[in-house]
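Computed from the coordinates by the stated procedures, all read-outs in this text should not be read as laboratory data. Remember, it's a predicted structure, so these values are computed and weren't measured experimentally. A quick note on method: Cβ atoms are made from the backbone with ideal geometry, for glycine too, and the neighbour counts reach across all protein chains shown.
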Amino acid sequence: MGLMTSPKAQKVISSFVLKSYRPLGILLYLGAFVAILIVSSNQFSANTYISENALLPGLVDRQYKSAHDVAGYSEHLDTLKDLEGGIPSAWLEEKFQEIGLDTYSQNFSVSHPFQEADGKLTGINVFAILRAPRIAGTEAVVFSVPYRQGQTEIDLGSTSHGIALMFSLAKLFIQQTYWSKDIIFLIVDKENIGAQAWLEAYHEVSSDYIHRSPLHGRSGAIMAAVNLEMPDKRVDHLDIRIEGLNGQLPNLDLFNMVVKLCHKEGVQPTFHGEGSLSYHQLQEFFGIKYTSKTMLSNMLRQASGKPYGIHGLFLRYGVPAITLHGQPSGSTYGDQTYSVGCVMEGIFRSINNLLERFHQSFFFYVLPETRKYVSIGLYMIPVGMLLVIPTLQGLALWFLSEPKNSKPDKDGTSSQSNDKFRQHHYAIPTFIGVHVCGVLLYLSPEFFVSSFSSYFGLSSGEALVTGLAAVFTGITLLQVFNKSDQQEVEDNQEKKWMLLKCYALVWQAISLLALSMINFSLAFLVAIFTIPVFAVCRPYNNFIFSVLNKLMLLLVSPPLLLCLLIAAHDIIFKGHSISLNTIANVGSVAMGSIPSAVIDQYLFNDWTFAVVTLVLFPSWQMFWISSSVKGLDN
Amino acid sequence: MDAVLKTIMFLSALNCFAISKDDRFVEELLIKPLPNGYVHASFHFSIFWNATISSSTEHHYNLFPKAVGQIIDNYDVRELHLSLTQGLWRHDKWGYPVRSAPPGAELWAWFERSASNSVDESWAKLVNSLSGLFCASLNFIDSTNTIQPSLSFRPSGVVNDLDATSIEYVRYATLPRENVCTENLTPWKKLLPCDSKAGLSTLFNAIRLYNAHYHALTIDLQPVCQSFPECTSTALHLTQSMSVVFRPTLSSGQRQWTLYSLFGNRLKSACPLASESFIHIDISNESVSDDYTLTPSPSVVTSTGGRKVASYNVADLTAGQNSLNIHFNWDEDMTYGKTKPPVLHAHRFMAGYGQEKGGITCMIYNNHPSQALDVVYMESLPWYVRLYLHTLKIQTEDGSDIKPDVIKYTPGKDRKRPYMLELMIGLPPASVITINIQFERAFLKWTEYPPDANIGFYLGSAVISAVLPSSANASVGDYKTVSLLSSLNAKSPTSGYFTRIYTEPLLLQLPLPDFSMPYNVICLVCTVFAIAFGSIHNLTTRRLDYEKEAKPGLLSKLKSFLGIGKKKSTDSKVESGEKKGEKAEDKKSDDGISKEDGISKEGASGDAGRTEEDRENKKND
C-alpha cells in the first residue's frame, strides 16, 4: 500500500474524489441503465446450454403412446368438483391405488394471528409414491399438480386436466423398470399453504402456524420437482415459471432442459409470456425491444420475493423446482395433451438420468429470453456501477466532514479536543436508533392485529396496514419536528449531516450489495430508484428546497417505493396509462400486498417484510434524518 | 427384559437339527405370491458338513466350496454373514423375507479366539479376501465403518463357550452404496456344487433378476449341532440364498405367472448332487385366496398352523427329458388395493434441511392390537455425522416420552471410528413410536470428498431386531433349520419368531466446497475487495501529515550493506537528524522527517507519529 501511505497520493486521491464524485455519479447512474440494457441484449446475453451431461434431454425414445384416458379422468374430476365441497381426496387416492402406487394423504390446517375469526383453512394433500426398482428409496423426484376449485380456479386457471394427465403418466411410469429415482405424484390442496404443509412434514420441520398430520410414507432426498398446471386439452403455450420464494431460482439446467424438450415435442415454451424469439427479432436493435421487457418482468417477479407457482416453496429446501403453466389457447380444435405428456415424460426421464444433484450450470441468473441467459458475472456489473455512487459520495463526505483545525499545539496538547474528531457521538446513536425503529416496525404486526382489530372493528389486513402506517408516520415526523440544538456551532451542523449521510451512504451500499447476492432484482430495483434521490438529498434552510427535498425522499420511502414498483409493472406490462384510476388501483394492490407479505413471513418464511423493515427502512430513515438537520448557515 | 435379551442371544441354539451324513446339499426355491401383484422368489442352497474346519487343515472338500473353507480357516472365522442387495425390502407391503438384508452390502462375522491373529487383523484380511471372492467393494470396509454391536448381532449358530459371545469377537459393517450386479452373481453361483449347470440355479437369468424390484444375494455360514438336543459335536452349515421380488402384473400386464415368465428359463433338471431339490409355493390363505389353479399339480401339499405349502419334487418331475414349468393362474384379474401391514415395520427418514444440522427420525409401527413388543434399534453412522446423544427423543404418537430400557452408545472418532447407537425399547401395543436424534454435519478435508460428492453420502440402514409373537406375514417360520419345508411347517416356537428389519438407507448432503469455477470467482472477488478495502481504510483512517524524503535507493542500500561509503551513510543520518530538529521547530506539518524507516514506523495513527517525533525533538534539544 505504498500508494496509500504516501500523503501526496492521499491528497491527490481525496481531491480527485471531491472533484469528481458528482459527475462520476451521474455517469455511473446512466451507465448502469445502459449496462442493464446491454446485458439483456442479444449481443451480450449468452445462449443457454445444458451443462449437466447426464441429463441428455430428448435422447430417449418416448414411450408415452396415447393420452386417450386423460379426458375421462378430467371429466370425472370436474363432476366431482361440482359435487363435493373440497378436494375429492378419496377418489384421487383410489385412482392412484388402482394404478398400483403406494398412496398416502395428509391433512393440514392453518391458524395464524392475522386470520379472520371464521377463516380457518383446512385441506388435504394426496400423494402417491412410485418406488423405483433400482434404488432403495434414497432419491426422489416430485411431480406436483395443485388442486384448484372455485375462486382460485377462476383466478389462477384450472388444473384438472393436469391431474388427469398425471394419472395417465403414472400408468406409463409404473410399468418401466429403468427408474433410478422414486417418483412422488403430489396433488396439493390450497396452493402454497398445502405445498408448505407437505414440505414441512416431509422434512419434519416444525411450524407454529401450519398444523399437519405426519406422513406415513416418504421417499428419500428430493432431487427435483416439476409442477404442472394444465387447464385444458387445448394449450397454446407452456409458460415456464422459475421465480421462487425470496427470489430463489432453480438450477438453470432444469429450465434449459424443459425448454429443449418443449421445442422437441412441438409445444411452444414461453417465459413471462414471451416465446423464443426469431432470428429477425433478435437482430433488430439486438433484440432489446423484446429481451429488456422479458428481463424486467423476470426481475420484478423475483424482486417481489413471492413464489410464482407452488414450485417456489421447494427451492428453500434445496430442491430445484419449476412450474409449467399451460395457457389455454381459446381455439375450439386441437389437443395438446399428448404433446405435453411427452414433455413431462421427457423431463422425468432426463432427471432420472442424473447421477448427482443439479449442481452444474447457474443458480444466479436473469433470463431475457427462453434461450438466452445473463449470468451473475454480467448482471453484477450494473449493480456494481450503481453502488459505486454512494460509496464515492460517502468517501467525499467523509473528507468534507473532516474537522479543519486538526493541527496539534506546540506542546502536543490540544485545546479544542472536540473539533479534532468527527462527530461520531452524534452519528452512532442515530445509526443505532433507526435500526431499533426498524426492529420495532418488524415486530409490530402481531401487536396491531391483536389490539386494533378488536377495538376498531377493522379486518386484520386493514389493522396491519393502518398500524404500520401509523408507526411509519410517527417515526418519520419525529425527525421533522425535532428541535435543533441551538448551542451547536454552525460549522459543526454542517459536518453533522455530512457525517450522518456518509454513514447512511456507506450502509446503503453495504446492505444493497449483500442483498444483491441473495436477490439481485430486489437490490437492483431498489438501488435504481433510491440512489439518485439519496445522492442529492441534504438539509436546506430554504423552505421550498427543503420541502421539495422531503417530498423526493418520501417518494422513495419503502411504502411508496412499493407503489412505484407496482405502478411500473402495471404501466409496462398491462399497458395502463398514468391516470387517477391507475393510482387508485396501485394503492389498493399495495395495501393488499403488505398484509400478505407479513402473513407469508409467518407461514413460508418470506424474507421480504424483514428486508424492508430491518434494512431498507432504517437506511432510508438515516437519509431522512440527515436531511432534517437544522441550523445551517447557508 | 433379560428374557428377551437371552432369547435374542441364544435363540439359534434351539433350532439345531440333527444331521447324520458327512455332507449334504439341499436346494430349494420358495415362491410366495405377495399382495398387489408382487411375487417373491427365494432360492436356498444349503450345505451341511460334519466337520470343523479349524480342527485340521488337511481337508478334502466335497460339496463345501473350498474358496470359502480356506477363508474361514485362515482367518479363524466362526460365523460369517454376507449380503449383497439391490433395492429395499418393503416390510409394510411384503411382510418379512426369508433372510433380511439391507440395501448395499452387509458383512458381519464372529471370530474364534486365536493366538496367532488379533480379531482386527483377521477382519481386515477377511474383508479383502471376500472382496476378491465376490467382486464386491468389501475392501472399503475398515475401522471407519466397522462396529461391534452388543445386542443386535448375536451369534446365530451354536456356541459352546459363553466367553466366545463377548463383543470382542464380532465385527459388523455395511456399505450402503454398493451396487449389485452380475459380476457378483457369477462368483456367488460358482460356489454352488452344480454351479448353474443343473438344478434350480439354471433359473438364474441376470436380465430378469436385475430388473426385479428387490434382489438379494446372501451367504451365511454358522456352526450347528450335529445331533439335537445332545449336541455333542458341531457341523458347518453354509446357506446361499437369493431373494427376488417380481411384479409380473406390470411387465406383462397379467397376474398369472409361470417359472418361464418370471425367470425366462424352464427347469430341466435337479442338481444331481443335491439330496433334496424342491420348489415350494406358499398358498396360504393370507397370501392367496382360493381362486387360483396350479399346473402341474404339486407333488405334495402340506398345511400346518395356517400355512399351506404346495411342494414340487424337482428330481421326480424333471426325470427323463421333461422340463418343469409351473403355471400359477388366477381366476380373477388383479385389482390393486391397500395392504394390511405386518405386526412390526418401520419408516426412517432424514429430518431437516440445509447443510449444517439435521436429524434422523425413525417411526416404528407396532400393529399388534394387544401385545407390547421389545425391539432393539441399532444405528451405525459414519464419523462425519456427529450424533448428539442428548437430543435423542423417543415419543409415542400422543407425544409422551418412552425411556429406552438399554442404551449402548459408542461415540465416533474423526476419521477413525463410526458412531454406534443401540437402544432397547418397549413398543406399546397398537402404537407408532418415533425415535429422533439430531446430528451435525462435519467438514471433510477437500481431498476426502469423492469425485461425485454432489450425490451425497449414503448412510446405512438402521437395524431393528425383534422377537415377534407369531410368524404370520413371514415368508418362513425360521429358515435356519435343515430345509425350508421343515421351517415353513415348524410350529411357532414358544420363544417367538426372531426377525431383523432393515430400514431405508439415507442420503446425506455434506457441506461441499464448490469445486468448479464460482469458487475461483469468489476467491478473486474477495482478493479484489480486500485490496479495495485496505486502500480505502488507509485513506480514511490515516492522517499523514509529513512528507518524507526519498528513500535511500537500492544502490545506496547495497553499498551500505557491503560497507562501501559507510561513512557517508552515517553522515547523512546525522544530517537528517539535524534537519529533523530544525524542521520540528517551525511546526510545519508538511515538512518531512527522514527517520530510517520513515512512515512505516509511524503506524496507523498520525498522532502516534507526532508524539514520537516530539520525543525525538526533545532529545535533540
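Hey, got the dipole for the protein assembly as shown? About the Cα centre, +1 on K and R Cβ, -1 on D and E Cβ, debye to the nearest 20?
Details: 106 positive and 117 negative charges, 629 e Å.
Roughly 3020 debye, rounded to the nearest 20.
Spread over its residues, the convex hull of the C-alpha atoms of segment A:51-155 is 218 Å³ per residue.
The angle between the Cα long axis of helix A:490-518 and the main principal axis of chain A comes to about 20°, on a 0 to 90 degree scale.
If r is the Cβ-Cβ distance from residue A:542 to residue A:156 and R0 is 35 Å, what FRET efficiency results, to the nearest 0.05? Mind showing how you got there, number by number?
Details: r = 53 Å, r/R0 = 1.50.
E between residue A:542 and residue A:156, to the nearest 0.05, is 0.10.
At most 14 other Cβ atoms within 10 Å plus a DSSP loop assignment makes a site exposed; report the longest stretch of chain A without any exposed trypsin sites (Lys or Arg not before Pro).
Details: sites that count: A:65, A:120, A:404, A:410, A:483, A:574.
Longest site-free region, per DSSP loop and neighbour criteria: A:121-403.
At most 16 other Cβ atoms within 10 Å and a DSSP loop assignment: could you name the chymotrypsin sites (Phe, Trp or Tyr not before Pro) in segment A:158-248 that fit? Can you show the working numbers first?
Numbers: sites: A:167, A:173, A:178, A:179, A:185, A:198, A:202, A:209; in loops: A:178, A:179, A:209.
Qualifying residues, ordered by number: A:178.
Shielding of peptide A:354-360 by partners, expressed as the average count of other chain Cβ atoms within 10 Å per residue Cβ, is 4. Among the residues of B:324-337, the average count of other protein chain beta-carbon atoms within 10 Å of the residue beta-carbon is 1.
Mean partner shielding of peptide A:219-226, defined as the number of other chain Cβ atoms within 10 Å of each residue Cβ, is 3. Each pair of Cα atoms in segment B:151-296 enters the Kirkwood radius, and Stokes-Einstein at 20 °C and 1.002 mPa s then converts it into a translational diffusion coefficient of 114 µm²/s.
From helices alone, the protein assembly as shown scores -12500 deg cm²/dmol at 222 nm; the rule is -39500 (n - 2.57) for each run of n ≥ 4 DSSP H residues, then divide by the residue total. Using the Karplus relation 6.51 cos²θ - 1.76 cosθ + 1.60 with θ = phi - 60°, the per-residue 3J(HN,Hα) values for segment B:238-253 come to 10, 10, 10, 9, 9, 10, 9, 10, 9, 9, x, 4, 7, 6, 9, x Hz, with x marking Gly and Pro. In this label model, residue A:94 and residue A:428 are separated by 7.3 nm, measuring between points 7 Å along each Cα→Cβ vector.
Extension gain for residue A:605 to residue A:473 (0.36 nm times residue separation, less C-alpha to C-alpha distance): 44.8 nm. Please return the longest range in chain A lying between exposed loop sites, taking GluC sites (Glu not before Pro), DSSP loop only, at most 16 other beta-carbon atoms within 10 Å, and leaving the sites out. Answer - A:117-355.
Taking amide H atoms as placed 1.01 Å from N in the peptide plane, the amide H of residue A:270 lies under 5 Å from those of A:238, A:239, A:240, each 5 or more residues away in sequence or on another chain. With r defined as the distance between the Cβ atoms of residue A:78 and residue B:396 and R0 fixed at 51 Å, what FRET efficiency is calculated, to the nearest 0.05? After rounding, the FRET efficiency stands at 0.75.
In this entry, chain A is assigned a mean projected area of 34.4 nm², taken as a quarter of its C-alpha convex hull surface.
What FRET efficiency would be calculated for the residue pair residue B:325, residue A:63, taking the C-beta separation as r and a Förster radius of 30 Å, to the nearest 0.05? Let's see the in-between values first.
Working: r = 30 Å, r/R0 = 1.00.
Computed FRET efficiency for residue B:325 and residue A:63 comes out at 0.50.
The HN-Hα couplings worked out from phi for segment A:327-333 by the Karplus form 6.51 cos²θ - 1.76 cosθ + 1.60 (θ = phi - 60°) are 9, x, 7, x, 7, 9, 10 Hz, whole numbers, x standing for Gly and Pro. Computed over segment B:373-434, relative contact order equals 48 percent, with contacts defined as Cα pairs under 8 Å that lie 6+ residues apart.
Here the mean projected area of the convex hull built on the C-alpha positions of segment A:139-183 is 3.5 nm². Evaluating 6.51 cos²θ - 1.76 cosθ + 1.60 at θ = phi - 60° for every residue in segment A:93-105, the Karplus couplings come out as 4, 4, 5, 4, 5, 4, 6, x, 9, 6, 10, 9, 9 Hz, glycine and proline recorded as x.
Hey, could you get me the Stokes-Einstein D for the protein assembly as shown, Kirkwood radius over alpha-carbon pairs, 37 °C and 0.692 mPa s, rounded to whole µm² s⁻¹? Kindly include the intermediate steps, with their values, before the conclusion.
Numbers: Rh = 35.9 Å.
The calculation lands on 91 µm²/s.
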